[in-house]
Amino acid sequence: MKKYSFLNRALTVIMLFLSTAALFTSCKENIDESNLYTFTGETIEDYLANREDQFGSFNYILKRIGYDKILSAYGMYTCFAPNNDAIATYLDSLYNDPVNTENPHNGMTAPGLEGLTDSLCNDIALFHLLPTEVMGVNMSNGMTLSTMLGRDINTSIDSISGATVVNRYSFITSMDNELENGVLHEISQVLQRSNRLMAGEMEQHLDIFSLFSQALKITGLADSLTAQVRTNFDEVKNSYDFYVPKECILGYTIFAETDETLKENGINSVEDLANYANEVYANCAQPGSGWYDYYRNKGYQVSTGTDYTSPFNALNMFMRYHILKYKVPYDKLVRSFNEVSKVMLFEYNETMLPYTLLKVVRSSGKRYINYYATNSTLTDRIAELASANMQTVVDLGIEVQSDNIQALNGYIHPIKGMLVYNSQVPRGVLNERMRFDDTSFLGEMMSNNFRMISDQEVRALNGGKSGKRGSLSGDYIRFPNGFFENLRIYNGDATGLLYLSGQSNGWSNYQGDEFNCQGTFDFAFRLPPVPDGTYELRMGYTANGNRGMLQFYLGRNSNISSMQALDIPLDMRHEPSSSISPDGTTVVPDVVTGWSLYTNHEDMGVESDADMRNLGYMRGPLYYTVGKGGSTVARANRQDLRRIITRQQFEQGDYWLRFKTVLPNNTNAEFHLDYIELCPENVYNNTQYIEDMY
């Protein structure tokens with residue numbers, strides 16, 4: 001398909017600028033309100049049909065697949081409506097496309113509207129519709145939206161005009177036309193979806209990625225990035241009307257150096273890139289000195305030869321560290337919800353280089369990979385982040401560009417630096433307390449757009465229904481066994497695993513969401529892989545009387561026979577209580593957990609933190625608040641707890657954490673998991689500083 005030209009963009013910007021200028025030069029009585037909020041009393045279909053000279057072509061496409069009737073009925077939809085000129089230009093680009101020789105005319109049988117097949121009409125229409133209402137204010141900071149086609153679109157703000165843009169080229173020319181059954185945004189161009197897989201889409205951008213594209217081919221990785229959907233999981237016999245996905249969408253994310261970035265680093269050919277990879281990875285698995293613990297522990301030898309398809313070849317390793325086995329758009333690389341203002345936002349991602357992580361942080365609205373500061377998650381203060389003199393920024397990280405190049409099964413993000421798994425990553429970047437939201441180590445949550453999904457979106461997927469089982473009722477997702485690669489359910493439907501996004505609730509959860517289930521649960525997660533070392537493994541949860549009681553097990557694989565029980569069972573029903581002595585001089589902590597309100601202590605709870613740790617517990621972190629925008633931090637909430645599961649040596653590789661109820665007769669007891677922490681010994685047991693409370 002044709003690329004959006006700079007001239008078209010410039011003309012659109014000029015038109016938007018002129019219309020905006022008119023707002024400020026006219027008298028108040030003559031303000032042009034065409035780009036402002038309107039309410040017409042019409043349905044979305046009425047709006048289009050009543051403006052035939054503007055939207056007749058788009059409405060024709062909707063009628064071809066019967067969606068004119070749906071958009072005339074009750075509901076709550078978002079429609080991005082291209083005008084007739086935009087449709088004509090788009091259809092001309094399809095029919096006269098000189099590139100797609102495998103599918104002449106992109107499937108069109110003739111020029112113009114009549115040449116569209118029903119399949120094309122379906123794809124075009126549904127790619128411009130959302131099953132929920134999304135207003136302009138929601139799109140102002142850039143967001144990813146899941147269309148009724150099941151494909152993403154992305155919004156951003158144009159740097160020149162300040163206007164909202166969809167997919168980097170289609171300007172919203174009239175926003176927030178609120179209608180009886182949703183909202184309509186008029187757009188300047190048809191939204192174009194790519195039907196190419198990852199490597200094929202990259203080939204459409206050889207002016208940017210010619211060297212990276214070649215390397216993807218000669219390593220054989222281009223042929224492996226083809227997965228799109230999986231359906232081989234168990235059927236749920238009783239969903240209690242909760243939404244149960246029928247298919248699992250798969251995908252990938254590539255962080256790719258541009259030709260410009262490679263040239264800046266003296267790389268002008270694939271041979272140059274292979275030589276660079278050899279320099280970085282040749283000694284990474286050497287006994288004693290190597291930093292890639294997994295390969296070193298296995299005794300694997302890194303090859304610097306020309307068999308680039310070998311997983312032990314340096315260039316192959318270089319490329320795989322750039323790829324995630326799930327798709328993540330730019331705005332979701334780092335999640336924001338209920339964090340306090342002073343902290344840096346972060347996420348950890350597992351790459352296709354076996355058992356390696358990369359860290360993405362958000363700073364000043366931008367995303368950076370593998371930001372590194374010394375003494376991270378340590379502090380020399382009480383209840384505050386570290387002073388500047390104890391933390392030195394060694395590496396600001398590699399900036400990710402916000403281009404959101406989208407293939408059929410994933411995203412390609414250009415990066416402005418050389419991304420490598422060198423010694424600085426395991427020994428520096430990841431040498432900190434690592435907190436993983438419960439969904440972040442399940443890649444399918446990202447690929448299916450389930451992570452932090454709104455209740456409204458879940459209800460739309462579920463045909464307007466809400467589920468209920470025992471005390472759990474609402475717009476939740478129930479997952480069948482086998483849906484996740486990194487999760488095993490051992491007793492079928494007896495474990496009713498639910499995802500609760502919590503985006504519209506005031507729960508005290510990190511990022512708002514949680515996994516929850518009722519019944520005689522017995523299941524295991526594969527933990528995120530960490531470099532070799534001694535770690536403290538912790539689980540974050542909120543206690544209440546509806547919870548269950550469970551036993552933890554840990555094993556090197558998902559077989560039950562390999563798992564060993566850890567510590568005594570955790571009773572999640574126990575809600576800590578604390579008091580002040582009658583004379584007002586002494587804080588009386590909770591007997592079981594040692595919890596007390598940290599602000600009642602002169603040292604802000606430092607000494608009582610140690611007492612809690614001796615009992616196997618920690619307070620919640622200062623990092624987030626109870627509910628979005630809440631005034632109470634998790635550390636001050638008595639229900640917010642961290643259970644220390646084990647302190648032990650971990651090797652870079654597989655570890656599975658099993659959760660099994662010890663109340664088999666209580667089928668309504670709830671399991672709750674919010675997040676996992678893996679904290680290295682030099683942080684939780686540092687001799688000079690203390691672990692920060694965040």
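The values are calculated or read from the model by the stated rules, or taken from the named source; none is laboratory data. Bear in mind the structure is a predicted one, so any value in this text is a computation, not a measurement. Note: ideal-geometry Cβ built from the backbone for every residue, glycine included; neighbour counts use all protein chains shown. Just so you know, the surface numbers come from the protein's heavy atoms only, side chains and all, with ligands and any DNA or RNA stripped out. Shrake-Rupley method; radii C 1.70, N 1.55, O 1.52, S 1.80 Å.
Tabulated results
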quantity: All positions within the stretch 111-139 that are assigned to a helix (DSSP H, G or I) and open to solvent by less than 50 Å² (accessible area, probe 1.4 Å); calculated: LEU113, GLY115, LEU120, CYS121, ASP123, ILE124, ALA125, LEU126, GLY136, MET139
quantity: Hey, MET452 in contact (Cβ under 8 Å) with a residue 24 or more places away in the chain and under 29 Å from ASN195 (Cβ atoms) or not; calculated: yes
quantity: Selected residue [surrounded by fewer than 19 Cβ atoms within 10 Å (Cβ to Cβ), without any contact (Cβ under 8 Å) to a residue 12 or more places away in the chain and not hydroxyl-bearing (Ser, Thr, Tyr)] from LYS237, LYS263; calculated: LYS263
quantity: Every pair of residues 6+ apart whose Cβ atoms lie under 9 Å, when the first sits in the stretch 144-170 and is outside any loop (DSSP other than H, G, I, E, B) while the second is of a type in the set (Asp, Glu) and open to solvent by less than 30 Å² (accessible area, probe 1.4 Å); calculated: THR144/ASP152; LEU145/ASP152; SER146/ASP152; THR164/ASP158; VAL165/ASP158
quantity: Restricting the stretch 561-589 to residues that are closer than 30 Å to ASN486 by Cβ and aliphatic (A, V, I, L, M), the residue that is most open to solvent (accessible area, probe 1.4 Å); calculated: ILE568
quantity: THR585 vs. criteria without any contact (Cβ under 8 Å) to a residue 60 or more places away in the chain, more than 17 Å from VAL340 (Cα to Cα) and touching a strand residue (DSSP E or B) at 6+ places or on another chain (Cβ under 6 Å); calculated: no
quantity: In the stretch 413-442, residue farthest from TYR623 (Cα to Cα) [restricted to those that are assigned to a helix (DSSP H, G or I) and open to solvent by less than 10 Å² (accessible area, probe 1.4 Å)]; calculated: VAL425
quantity: So LEU145, is it open to solvent by less than 50 Å² (accessible area, probe 1.4 Å) and more than 25 Å from GLN401 (Cα to Cα); calculated: no
quantity: Qualifying residues in the stretch 296-336 (those that are open to solvent by less than 20 Å² (accessible area, probe 1.4 Å) and of a type in the set (Val, Ile, Thr)) - the one farthest from MET202 (Cα to Cα); calculated: VAL334
quantity: Residues located in the stretch 39-78, provided they are in contact (Cβ under 8 Å) with a residue 24 or more places away in the chain and on the phi > 0 side of the Ramachandran plot; calculated: GLY41, GLY75
quantity: Total residues in the stretch 187-208, condition under 16 Å from ASP223 (Cβ atoms), within 25 Å of the chain's Cα centre (by Cα) and surrounded by fewer than 18 Cβ atoms within 10 Å (Cβ to Cβ); calculated: 2
quantity: Filter result (among the acidic types (Asp, Glu), assigned to a helix (DSSP H, G or I) and surrounded by fewer than 17 Cβ atoms within 10 Å (Cβ to Cβ)) within the stretch 62-110; calculated: ASP85, ASP92
quantity: Condition met for THR599 (without any contact (Cβ under 8 Å) to a residue 40 or more places away in the chain and more than 30 Å from ASN666 (Cβ to Cβ)); calculated: yes
quantity: All positions within the stretch 394-412 that are farther than 24 Å from LEU145 by Cβ and in a loop (DSSP other than H, G, I, E, B); calculated: LEU396, GLY397
quantity: Test set (1) touching a residue at least 12 places away in the same chain (Cβ under 8 Å); (2) more than 30 Å from LEU461 (Cβ to Cβ); (3) open to solvent by 60 Å² or more (accessible area, probe 1.4 Å) - LEU211 fails condition number; calculated: (3)
quantity: Some residue of the stretch 456-473 being in contact with a helix residue (DSSP H, G or I) (Cβ under 6 Å, 6 or more places away or on another chain), in a loop (DSSP other than H, G, I, E, B), surrounded by fewer than 23 Cβ atoms within 10 Å (Cβ to Cβ) and in contact (Cβ under 8 Å) with a residue 12 or more places away in the chain; calculated: no
quantity: Filter pass, SER558 being within 25 Å of VAL530 (Cα to Cα), assigned to a loop (DSSP other than H, G, I, E, B), among the polar types (S, T, N, Q) and open to solvent by 20 Å² or more (accessible area, probe 1.4 Å); calculated: yes
quantity: Single residue of the stretch 598-615 satisfying the filter (assigned to a loop (DSSP other than H, G, I, E, B) and out of contact with any strand residue (DSSP E or B) (no Cβ under 8 Å at 6 or more places or on another chain)) that is most open to solvent (accessible area, probe 1.4 Å); calculated: GLU602
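Residues are listed down the side, and each one gets a yes or a no for (1) of a type in the set (A, V, I, L, M, F, W, C); (2) open to solvent by less than 30 Å² (accessible area, probe 1.4 Å):
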{"residue": "TYR243", "(1), (2)": "no, no"}
{"residue": "ILE267", "(1), (2)": "yes, yes"}
{"residue": "GLU271", "(1), (2)": "no, no"}
{"residue": "ALA285", "(1), (2)": "yes, yes"}
{"residue": "GLY290", "(1), (2)": "no, yes"}
